[in-house]
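Only one structure is covered here, and it is reproduced in the block below.
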């Protein structure tokens, strides 16, 4: 995603994002413009919820402050306090598009803005030689079918709780919503709910994926890629206790 570092501004204080890189709550995070839970409640699918045009970059502090609010609520506050901060992150300024019932229209409008910015950047790189862009200009992002992914707040909570549990066992946390890409082409193929791509014991055990409420397609894909797959929290915990923790205990003098 384009970031225009030094121009794109944080919505909490209006400062350029690159000026917010220091401090406990100032690391950058990817933020869902329309909250996931609000979209899931309105029956939007995971691919629509996690689409590129629904992402922006904010500091952790601002992300926490916005929390689960809808854009039609918090966009007005942002624009009043920091005029231009929304436009700096390619937000359509038609406030009708900020309403959750107009989410599809918002997405289309923001895709256009992102594509226009990408084309401008390419032109800058080519020092204005537009002829090199003929037939190759960046078009608005199109929908790509990516299988898998967390599709409800309850599922996300179960996975977060599982991550907390494994950390309490002295083991590393997994990656929530892990983007799995084809190792040869680099093209994204799936989103694993929770994954340890280097194993729960890094480099000592096989890659692991926890896949809740997923179909055969994604489980088969992960298995072919060398992942041990678990389709329930209890099943994964039994694996950790039996194959990881017990093995570590028996290896102690």
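Every read-out reported here was derived from the displayed coordinates using simple, explicitly stated rules and does not represent laboratory data. Treat the numbers as computed from the prediction; the structure is a model and nothing was measured. Every residue, glycine among them, receives a Cβ derived from its backbone with ideal geometry; neighbour counts consider all protein chains shown.
Let me test this: with uniform point scatterers at the alpha carbons of segment 147-251, what is the Debye-based log₁₀ I(q)/I(0) at q = 0.15, 0.21 1/Å?
So the normalised log intensities are -0.58, -1.12.
Given a Förster distance of 30 Å, report the FRET efficiency between residue 241 and residue 217 from their Cβ-Cβ distance, rounded to the nearest 0.05.
That pair, residue 241 with residue 217, gives E of 0.55.
Please arrange 231, 59 by counting, for each residue, the other beta carbons lying within 10 Å of its beta carbon, fewest first.
231, 59
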